[in-house]
1. Would you confirm, using the coordinates I've provided, whether B:Leu249 is touching a residue at least 60 places away in the same chain (Cβ under 8 Å) and more than 10 Å from chain A (Cβ to nearest Cβ)?
2. If you scan region A:99-148, which residues turn out to be over 30 Å from B:Arg134 (Cα atoms) and in a loop (DSSP other than H, G, I, E, B)?
3. Six or more apart or on different chains, Cβ atoms under 6 Å: show the pairs whose first residue is in region B:222-240 and more than 7 Å from chain A (Cβ to nearest Cβ) and whose second is among the small types (Gly, Ala, Ser) and open to solvent by less than 10 Å² (accessible area, probe 1.4 Å).
4. Please find, among B:Leu95, B:Leu148, the residue that is open to solvent by 30 Å² or more (accessible area, probe 1.4 Å), among the aliphatic types (A, V, I, L, M) and part of a helix (DSSP H, G or I).
5. Within region B:205-261, take every residue that is among the aromatic types (Phe, Trp, Tyr) and over 16 Å from the mean Cα position of the chain (by Cα) and give me the one that is nearest to A:Leu169 (Cα to Cα).
6. State which residue is nearest to the other protein chains (Cβ to nearest Cβ) when the search covers only region B:116-130 and only residues that are open to solvent by less than 70 Å² (accessible area, probe 1.4 Å) and more than 27 Å from the chain's Cα centre (by Cα).
7. Select, from B:Glu82, B:Glu106, the only residue that is of a type in the set (Asp, Glu) and either open to solvent by less than 70 Å² (accessible area, probe 1.4 Å) or within 14 Å of another protein chain (Cβ to nearest Cβ) (or both).
8. Considering region B:64-79 alone, what residues qualify as being of a type in the set (A, V, I, L, M) and loosely packed, with under 10 Cβ neighbours inside 10 Å?
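The values are calculated or read from the model by the stated rules, or taken from the named source; none is laboratory data. Being a predicted model, the structure only gives us computed values, none of them experimental. All Cβ positions, even for glycine, are placed from backbone atoms using ideal geometry, and neighbour counts span all protein chains on display. The accessibility values were calculated without ligands, DNA or RNA, using every heavy atom of the protein model including side chains. Shrake-Rupley method; radii C 1.70, N 1.55, O 1.52, S 1.80 Å.
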Amino acid sequence: MQNDDVIWDVIRHHHCSYMAKIQTGNFCRNPYNVTGICNRSSCPLANSRYATIRDHDGIFYLYMKTIERAHMPNKLWERVKLPKNYMKALEIIDKHLEYWPKLLVHKIKQRLTKMTQYRIRMVKLSKKVREKIMTVPRKEVKRESRREEKALRAAQIENVIEKELLERLNKGVYPDICNYDEEIFNKLLDKNKEEEQEEEEEEEAEVEYVEGDYELEEEEELEEDIEDMGDFLKANNFEDIEGDEDDLEEQPAKKKAYVSYPLKQDDGTEKVRRKGKKVVVEVERDEDMGNRQHNVM
Amino acid sequence: MAKEKKRKAAEEAVDGDDYIEREDEKPKKQKLILASQIKNKEKRSAVYAKLKHEKRVEKRKKIKARDAASKQALELGEEPPEKMVPRTIENTRELDETVCRPDDEELFAGNDADEFSAVLKQQTAPKVLITTCRFNSSRGPAFIKELLSVIPNAQYYKRGTYELKKIVEYAKNKEFTSIIVVHTNRREPDALLLIGLPDGPTAHFRLSNLVLRKDIKNHGNPTSHEPELVLNNFTTRLGHRVGRMIQSLFPQVPNFRGRRVVTFHNQRDFIFFRHHRYVFEVKEKKEGLKDKKSKASQGKTEKKAIARLQECGPRFTLKLVSLQHGTFDTKGGEFEWVHKVTLSHVYSHLTLD
């Protein structure tokens, strides 16, 4: 009926579908195998009394099969849940497999050890943060690169930067750049200002939406001023930034290396730029402003 | 082709009159054949070449006519006819409510209360921590070296296997104001993560088209003066926020003597980064004879002020992928904006521009 030797003979020497032959040896793919090697003592088919440990969802179960149930494959394997605690699990194994061959029990305990170890590792790994690789369809990549090229061409970056720098120069942001001829530059600047003034008033109305360009740049300038004013702020406990502009006029002598606050136009109106505001507010200057030192470059 | 067939058929016909009549009728009812429908390659290319030639000739005629008209108008002293401006995405854009307006009180209040105001108001000096992803190779280190020279007060720390959140904490303890993480993919720097501290937003950019300094012809070598910043075209609310974030990387006190300018130019949602050294020059230019106004100064040399740029430092483009509120936390963080691919790309829905 159930003769293990006959079974083993047939399986081993003819064909076992669970056997996997690799370079290093023969392995058994049967899920109920304790060691995983194709052996006379480890084959679950060729041993009528057998036990394993299997893992389901992180919980270990002890499976046992006895010869009494050999004719009922459906109810062949008896299952016992093992606690997560390693020592307790060992005790339960000992209890259930008390009179079983020692070799098998030993193999089962080894298997339990290994499984506990890898369970700990799995938990640790899942807690660790790992980079997730996201793929981008190639079509998108190509599309983006095409768009980038077109945007680059539309941007005309160098021209824009040069224009921007010239504007800043005209506004007088740079106090002391020393690589050009003074006279000519001053003449040019005056000339440029005259030309631009007429256009400026018309542009004002449009300035609103384009302002994104200027706005941050104005902040830059203001920040440059604020750096100088920084000392003032601390010395004089001024919190209001706008107020400082006026105070500065009165105390030009306190300034260090910086000559003055250049942002003033010649036409008598002052563009006060408020921190963060995009509005270009024109504020009438005081009489004092006239006495201010003009930027000597 | 069909015409020819019919002509042949007409010739072969016995009764001349009938067929000639039909011949006259047929061409009128006949449909126009596209060059692409002709199966014979030689014939097709010949027809197409002819078509193109005709088009070109027409175009040239138009241009000539236009030029002649404008010249005439100028001579007569009238207004020249309106110049035609080509349609671009930039000038056909409809601005929607996300665009920043100059009179927006909410914006300024928001600016005062946002994460960068401390740095931008110069209460704290920016201090930047640069690091990489876990595996850094090839162009990564070179790029980082250049970044270090561009951004003043930046330090590079090797990544090791630290979790990004831990790095954020570490940086907070050491009082950094922002973190830049350069991510490498396939041996090329691929993405840039900009994390503001202490609880600033996290911006994830995709990096492309990186050109290192050594690959640029006639490159200059940057000094260590604080650079000037130029931020162009950040018009929408989101763009404004991103612009401020970028601004907070750099010290707010540029040293103009150094004549260094760092530009972030936004065009159609692509942010182009450039790093130049500039010089102002006086250029002598002979006034053109075209301009009517300059008749008086004809023959004299006009002097114009120009800025000349020498490129130094790397060149790359960024595209915003996502902006997350708070420091780096992909699972639990709240995303302010995420790039979603829509089936129809509508240019009016530019997000940063």
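1. Yes, satisfied.
2. Listed by number, the residues that qualify are A:Tyr99, A:Trp100, A:Pro101.
3. B:Pro222/B:Gly313; B:Thr223/B:Gly258; B:His225/B:Gly258
4. B:Leu148
5. Out of the qualifying residues, it is B:Phe256.
6. Only one residue tops the list, namely B:Gln122.
7. Selected residue: B:Glu106, the only one of B:Glu82, B:Glu106 that is of a type in the set (Asp, Glu) and either open to solvent by less than 70 Å² (accessible area, probe 1.4 Å) or within 14 Å of another protein chain (Cβ to nearest Cβ) (or both).
8. B:Leu76
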